[in-house]
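Let me begin by presenting the structure, written as structure tokens, before commenting on it.
The values are calculated or read from the model by the stated rules, or taken from the named source; none is laboratory data. Note that the coordinates shown come from a computational prediction; the quantities given were computed from them, not determined experimentally. Here the Cβ is made from the backbone with ideal geometry for all residues, glycine too, and neighbour counts use every protein chain on show.
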């Protein structure tokens, strides 16, 4: 059962709701869902990621892999170290959350004698940026000076770009397929609540994507044009190196499976998952699973090479996760058991091992990653 929000949290949600209502009124009474999601998550000072509530870890709304164990970040450091050596490049992390992943990767890169001159973080949330700065100063004070925060992507970049659970938080278009063709599903105000309303698709790019999917009448799902745009922007700034995106999702055939006819859009509140994206706006994280076939197509259209695609379990195990775990003797039960349990969550098919995927997109001459050496599933993306 969901815990009731505090009076302050409820007041904040009411302010977010008023902002969303004003957006709908200003647009003539209807906005596409992507606009609603963007404002609910990112409106300055109001949106879920732009306000100051705790989001990550046991006290927040969800737990990401870096919060579970430092072995996740340490393993990613091993995965990208050869790319940094090849390109003499840097690391760019997109949306660094609590800063935990950056701290763990920097610490392991230092142990590998593979530190980049700079570790860049692109962070749109001022609140999260402050938390990241505090975490890095606390956890890796000797390395914190290498970290630089960006407001926009650099014009030219060499090295490794990392995005852990970034794509799922991008605003998505909702489409409802009918006997007369696909319609854009948007948001209206009915009395004191938000409601759905379908309208003809005005955007020719979205219409073409929806027509190409040709789904059965009654099917509702997401199309993530923002992910396409992000991948294109990353491709433009990347001179040589690798983009590594880790997230939950599927290839096209599984994403738009007939049994997934209600889509993947969810709200996350205090470790509860809800189907209602209108629940307490500003207090809920809104996410949609990732269509990795679309990500791969966007990358290749922007001049990138598909370097690999596999499940998170395979990628981490190929990259040395087990070897890093075994650096802690099993006889040290108090230390080993929590780490082993966290590793089990990362790789178990019933937990994160199968639902989460890793996709690599490269530009220039970059050697194949060990993470994709066994179990590469590029063929399953149906490109």
Fill in the blank from the handout: Residues in segment 364-383 that are under 24 Å from residue 233 (Cα atoms), surrounded by fewer than 22 Cβ atoms within 10 Å (Cβ to Cβ) and in contact with a helix residue (DSSP H, G or I) (Cβ under 7 Å, 6 or more places away or on another chain) total 5
Exercise for the section: Kindly indicate which of 190, 145, 236, 155 is free of Cβ contacts under 8 Å to residues at least 24 places away in the same chain, surrounded by fewer than 18 Cβ atoms within 10 Å (Cβ to Cβ), under 21 Å from residue 92 (Cβ atoms) and out of contact with any strand residue (DSSP E or B) (no Cβ under 8 Å at 6 or more places or on another chain). Expected result: 145
Handout entry: For residue 359: the one exception among (1) under 18 Å from the mean Cα position of the chain (by Cα); (2) at pLDDT below 95
Key = (2)
Problem - Condition check for residue 44: over 30 Å from residue 161 (Cα atoms) and either in a helix (DSSP H, G or I) or modelled with pLDDT under 95 (or both) - result: no
Problem - Residues that are at pLDDT 95 or above and either more than 21 Å from residue 77 (Cα to Cα) or exposed (fewer than 15 other Cβ atoms within 10 Å of the Cβ) (or both), drawn from segment 313-331 - result: 322, 323, 326, 327
Problem - Residue within segment 269-277 that is under 30 Å from residue 14 (Cβ atoms) and crowded, with 17+ Cβ neighbours inside 10 Å present - result: yes
Completion exercise
When (1) in contact (Cβ under 8 Å) with a residue 40 or more places away in the chain; (2) crowded, with 24+ Cβ neighbours inside 10 Å; (3) under 20 Å from the mean Cα position of the chain (by Cα) are applied to residue 96, the one that fails is (1)
Handout entry: Cβ-Cβ under 8 Å pairs, at least 6 apart or on other chains, segment 271-291 side on the phi > 0 side of the Ramachandran plot, far side surrounded by fewer than 18 Cβ atoms within 10 Å (Cβ to Cβ) and part of a loop (DSSP other than H, G, I, E, B)
Key = 271/63; 280/5
Practice task
Out of the residues in segment 1-35 that are assigned to a loop (DSSP other than H, G, I, E, B), in contact (Cβ under 8 Å) with a residue 24 or more places away in the chain and exposed (fewer than 15 other Cβ atoms within 10 Å of the Cβ), state the one that is nearest to the chain's Cα centre (by Cα).
Solution key: 2
